[in-house]
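S.K.: Have a look at this one before I ask anything.
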Amino acid sequence: MKLIIAIVQDEDASRLVSALMNDGYGVTKLATTGGFLRAGNTTLLVGVEDDHLDGCLRIIEKLCKSRKQMATSPITAGGAAGIYAHMPIEVTVGGATVFILNVEQFSKF
Ligand code: 2BA
């Protein structure tokens with residue numbers, strides 16, 4: 001068994017959860033915050049049998065779109081003088097950041 005941890009954009013989360021549930025996957029949805037943009041995103045926990053892993057990943061890949069967002073990046077100028085300025089930068093976020101972990105044991109009590 002595997003545990004999929006998928007960090008996705010909020011805009012994709014509802015459709016993705018529905019699609020996964022319709023295909024019989026168990027899903028837990030967490031409201032999370034990205035460390036770089038400090039903006040909300042969604043983390044899904046999906047426990048899957050090994051032979052369903054690829055099918056689940058295909059759904060995630062299909063429904064999660066990459067988007068461009070503006071972020072404010074702190075840059076330092078002036079060396080030791082420590083002058084800080086905030087520069088707007090464009091970053092491409094997503095589709096999905098996915099971690100796949102082996103599950104040692106799965107119990108429901
Ligand atoms: P954030 O940390 O808010 O990052 C949003 C996007 O900003 C990233 O998109 C990436 O394009 C950009 N970015 C992140 N760190 C950067 C940096 N130091 N310099 C320049 N650009 C940077 P994604 O890579 O698609 O990541 C989307 C979200 O997935 C992240 O939101 C974070 O919540 C999560 N994530 C990504 N990689 C991760 C990792 N290795 N471990 C844990 N969470 C991760």
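S.K.: Just to check, using Stokes-Einstein with a Kirkwood Rh over alpha carbon pairs, what's the diffusion coefficient of the stretch 26-72 at 25 °C and 0.890 mPa s in µm²/s?
M.R.: Value of D from the Cα-based Kirkwood radius: 193 µm²/s.
S.K.: What is the dipole size for the chain, taken about its Cα centre, with +1 at each Lys and Arg Cβ and -1 at each Asp and Glu Cβ, in debye to the nearest 20?
M.R.: 360 debye
S.K.: Using helices alone, I'd like the mean residue ellipticity at 222 nm for the chain: each DSSP H run of four-plus residues gives -39500 (n - 2.57), total over residue count, nearest 500.
M.R.: Mean residue ellipticity at 222 nm (helix-derived): -7000 deg cm²/dmol.
S.K.: Report, by chain and number, residues whose modeled amide H sits under 5 Å from the one on Thr32, excluding near sequence neighbours (fewer than 5 apart, same chain).
M.R.: Under 5 Å from the amide H of Thr32: Asn41, Thr42, Thr43.
S.K.: Would you mind calculating the relative contact order of the chain from Cα pairs under 8 angstrom and at least 6 residues apart, reporting the percent as a whole number?
M.R.: Details: 184 pairs, mean separation 38.0, N = 109.
Once normalised by length, the contact order is 35 percent.
S.K.: Using the number of other C-beta atoms within 10 angstrom as an exposure proxy, rank Ile4, Ile59 with the fewest first.
M.R.: Least crowded to most crowded, the residues run Ile59, Ile4.
We did not get these values from a lab; they are worked out from the coordinates using the rules stated. Predicted model only: the values in this text are computed from it and were never measured. Please note: Cβ atoms are built from the backbone with ideal geometry, for glycine as well, and neighbour counts cover all protein chains shown.
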